[in-house]
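One structure follows; several queries about it will come next.
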Amino acid sequence: MSVSARLREASASPLWWALLYFFCLLCGYYVLRPVRDAMGASADATAVFPAAWIDWAQAHGWALKDFVLQVLFTCTFAVMLLLQPVYGALVARFPRRVFLPLVYLFFIVCLLGFHWAFQTQASGRGMLFFVWIAVFNLFAVTVFWSYMADVFDEHQARRLYGYIGAGGTAGAVLGPLLTQALVGVIGVAHLLLVSAALLSVCVLCIVRLRGWAIRRERRHGLASGEAAMGGSVWAGLRLVWQRPLLRAMAITLFFSVGAATLLYNQQAAIAREFYPDPAAATAYFARIDSAVNLLAILTQLLLTRWLLGRFGPAPALLMPALVLLLGFGLLLASPLPVMVAIVQVAQRAGEFALAKPARETLYTRVDRPSRYQGKAVIDTAVFRGTDLAFVWIHKAVAAAGTATVFATGAIAAAGMLGGVCAILRARRGLGEAASVSALPTSAQPLRGET
């Protein structure tokens, strides 16, 4: 049997469990996302904010209903920062077999609590749910990919991450369809129980994949995930600051999310101008979402595996950055809704189908603290901090006109390209760093991989 055939045979079962895991995770999230979006778009402040907040705002002369998204984004970032050391303590003090199921069981218990809150129309439920969904999405997904880096080595990741990503995309497509079909029958509150059931399947997948993670660690002589990794609750921040690869990942994500936020917000402004009718605007956004999902799943199935397997992560990282830079250049020349839609589809599909899987393959070559602690900081605090910063940056530059927004987006896209180049430079040192991950956690240096 050839080496490639043996790899296929060895990875077949974990692939299917990983597919099921990601499918259920994103399906459960996208069942809930329309509920969150409805809360964020609500003009009824009493359905979103606690009564005490509304009273305080009125006493100071301003209406919370006019600042719903700004307040929700700010609260989300604040909660993300508060939870970062909690997550750091969890992964530092408990072995993988404990903290991975614990993360998802915590989210399931939260869903049961929100089910009660929506059933009883509790005050402030909208704000809490909006913030919780953002926390759930980022922490649950980053934990998933960290675990995949425990289960699969780099060669398997290059071959399989495209398929796993496609499984998640399929879940993302099915989730909203379930919401549309069920919300009129069972109501909003009971949708939360549907999501909780899907997360329960994720816990089962975590348990079933554990054996393959242990075997991979033994086969490669890596530090065991069955022991607590130790370290400070703030270890993730220190790792991102000190390790070149993680630092480059954070820089790339900063500019990538920044460019995407500018594009998304300006798209909304252009849609308001060209599609004043709500039904027409909804159809415009729906067409974009459908095109993104279709292009993403086709790319994941037909291109991602081949590209990563044959050329490694470099092309998959560079292509989305170059496309985004070109897209903003085209928008400067022609800021029409159809051009905005084309660039939006290319940006989102490129991120989901190419850039994300390529970045995740690199985490298979770093140690567990980098995968669980450093990666969590990048995917949560850096992501949400950038999102918040560029929401306000857009508000400032939009006053100077659409061209200024797209020029700022082009600068952000250029920064993203520079970040990708930094990732590829840092990647060259991973060969030397591979032996570091085999050391006991307490013996691993905190200096860069090079």
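Report the accessible area of Met339, computed with a 1.4 Å probe over the heavy atoms of all protein chains in place, in Å² rounded to the nearest 10.
Spelled out: Met339, probe radius 1.4 Å, area about 40 Å².
Efficiency by 1/(1 + (r/R0)^6): what FRET value for Ala400 and Asp55, r their Cβ-Cβ distance, R0 = 45 Å, to the nearest 0.05?
Efficiency for this residue pair is about 0.75.
Now, a different point. Test of understanding: extend the Cα→C-beta vector of Gln180 to 7 Å, then name every residue of region 289-328 with backbone N under 18 Å from that spot.
Residues passing the 18 Å test: 289-297.
Could you order Val240, Val194 so the one with the most accessible surface comes first? Probe is 1.4 Å.
Details: Val240 20, Val194 40 Å².
Most to least solvent-accessible, the answer reads Val194, Val240.
Give me the 1.4 Å probe accessible area per residue for region 310-424, excluding ligands and nucleic acids, in Å².
Heavy-atom accessible area per residue stands at 32 Å².
While we're on this one: Taking a ≥ b ≥ c as the square roots of the eigenvalues of the Cα gyration tensor of region 288-398, is the shape rounded (a/c under 1.5), prolate (a/b larger than b/c) or oblate?
Oblate shape, in that a/c is at least 1.5 and b/c is the bigger or equal ratio.
In the neighborhood of Pro369, defined by Cβ-to-Cβ distances under 12 Å, what is the net charge if each Lys or Arg adds +1 and each Asp or Glu adds -1?
+4
What's the carbon and sulfur percent of region 66-164's accessible surface, probe 1.4 angstrom, rounded to a whole number? Please report the intermediate quantities before stating the final value.
Numbers: 2550 of 3480 Å².
Looking at region 66-164 in its full context, I get 73 percent from C and S.
Here's a follow-up. Taking a 1.4 Å probe, which of Lys375, Lys395, Lys356 shows the most accessible area, and what order do the others take after it?
Working: Lys375 0, Lys395 125, Lys356 40 Å².
Ranking Lys375, Lys395, Lys356 by accessible area, largest first, yields Lys395, Lys356, Lys375.
Report the label-to-label distance for Leu301 and Ile411 in nanometres (one decimal), using points 7 Å from each Cα along the Cα→Cβ vector.
4.2
Another question, then. Averaged per residue, what accessible area in Å² does region 48-149 show with a 1.4 Å probe, protein chains only?
That works out to 42 Å² per residue.
Sketch the reach of a paramagnetic label on Leu193 as a point 7 Å from Cα along Cα-to-Cβ, and name the residues of region 112-135 whose backbone nitrogen lies under 12 Å away.
From region 112-135, the list is 112, 115-116, 119.
Efficiency by 1/(1 + (r/R0)^6): what FRET value for Leu294 and Trp241, r their Cβ-Cβ distance, R0 = 41 Å, to the nearest 0.05?
On the way: r = 40 Å, r/R0 = 0.97.
With a Förster radius of 41 Å, E is 0.55.
Let me ask another. How big, on average over all directions, is the shadow cast by the Cα convex hull of region 125-206, in nm²?
It is 6.1 nm².
Given the whole protein assembly as supplied and a 1.4 Å probe, what does the accessible area of Trp132 come to in Å², nearest 10?
Here the residue's solvent-accessible area equals roughly 20 Å².
So for each of 79-85, 25-31 I average, over its residues, the number of other beta carbons within 10 Å; can you give me the resulting order with the highest mean first?
With the highest mean Cβ count within 10 Å placed first, the list reads 25-31, 79-85.
The values are calculated or read from the model by the stated rules, or taken from the named source; none is laboratory data. Every value quoted in this text rests on a predicted model; they were computed, and no experiment measured them. Don't worry about glycine lacking a Cβ; one is built from the backbone with ideal geometry, like all the others, and counts go over all protein chains shown. Heavy atoms of the whole protein, side chains included, go into the accessibility calculation; ligands, DNA and RNA do not. Shrake-Rupley method; radii C 1.70, N 1.55, O 1.52, S 1.80 Å.
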